[in-house]
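Working notes, structure below.
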Amino acid sequence: MTTLPDRLAYVIAAAAGAVGWVGISQLTHRREAWDSALYFSWFLPSVALAVAGLAFFAPRRSWRWAFTPFAAQAVVAFVQNPGANLLPLGLLVFAFYGAVCLVPAWIGAALRRRLDPPRPTLPEAT
């Protein structure tokens, strides 16, 4: 099966997080995306599916794809409001969402391992 290069997987994961944050904020006219119900009803399930897909196509160290979208969101949130006094709490929330997305990342990577054809083993030298 085709494997996605790590750099491309990082770009996709970061773009999904950043675009999701900015897009929901602009669409719902909220200062922060998670102030909208759309963040929880649409974005989080969508990013979980994207993380599972990335883990399937780039299964090595798949935990990275769970945290990258939320790291990108943290960067965007900081750039939009660098003086936010609740930023440390926001960072904890982003880390929590990343931890929740570890489940789809592990599922995607496990499915990939299950579907990959077994690699031939070399005979041992005697």
Exercise. For the stretch 43-126, what is the relative contact order in percent, using Cα pairs closer than 8 Å and at least 6 residues apart in sequence?
Worked result: 46 percent
For this session: Kindly write out, for the stretch 104-109 in residue order, the coupling ³J(HN,Hα) from the Karplus curve 6.51 cos²θ - 1.76 cosθ + 1.60 (θ = phi - 60°), rounded to whole Hz, with x marking Gly and Pro.
Result: x, 5, 5, 5, x, 5
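What length, rounded to one decimal in nm, is gained on full extension from residue 87 through to residue 19, with 0.36 nm per residue of separation minus their alpha-carbon distance?
Full extension from residue 87 to residue 19 adds 22.5 nm.
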For this session: Note the direction-averaged projected area, equal to a quarter of the hull surface, for the Cα convex hull of the chain, in nm².
Result: 9.7 nm²
Problem set entry | Degrees between helix 6-28 axis and first principal axis of the chain (Cα, 0 to 90, nearest 10) | 30 degrees
Seminar exercise, completed: Ranking 99, 121, 56 by how far each Cα lies towards the positive end of the charge dipole of the chain (+1 on Lys and Arg Cβ, -1 on Asp and Glu Cβ), the top one is 121
For this session: Summarise the accessible area of the chain (1.4 Å probe, protein heavy atoms) by the percent that is carbon and sulfur.
Result: 70 percent
Seminar exercise, completed: Heads up, the stretch 7-59 by the C-alpha gyration tensor (a ≥ b ≥ c square roots of eigenvalues; a/c under 1.5 rounded, else a/b over b/c prolate, else oblate) looks oblate
For this session: Rounding to the nearest 20 debye, state how big the charge dipole of the chain is about its Cα centre with +1 on each Lys and Arg Cβ and -1 on each Asp and Glu Cβ.
Result: 200 debye
For this session: Using only Cα atoms, find the angle between the long axis of helix 63-80 and the longest principal axis of the chain, and express it within 0 to 90 degrees, rounded to the nearest 10.
Result: 20 degrees
Exercise. Taking one equal scatterer on every alpha-carbon of the stretch 81-126, how large is log10 of I(q)/I(0) by Debye at q = 0.14, 0.16, 0.22, 0.31 1/Å?
Worked result: -0.60, -0.66, -0.82, -1.03
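The values are calculated or read from the model by the stated rules, or taken from the named source; none is laboratory data. Predicted, not measured: the structure shown is a model, and the values here were computed from it. So basically every Cβ, Gly included, is an ideal-geometry build from the backbone, and we count neighbours across all protein chains shown. Surface areas here come from the heavy atoms of the whole protein model, side chains and all, with no ligands, DNA or RNA. Shrake-Rupley method; radii C 1.70, N 1.55, O 1.52, S 1.80 Å.
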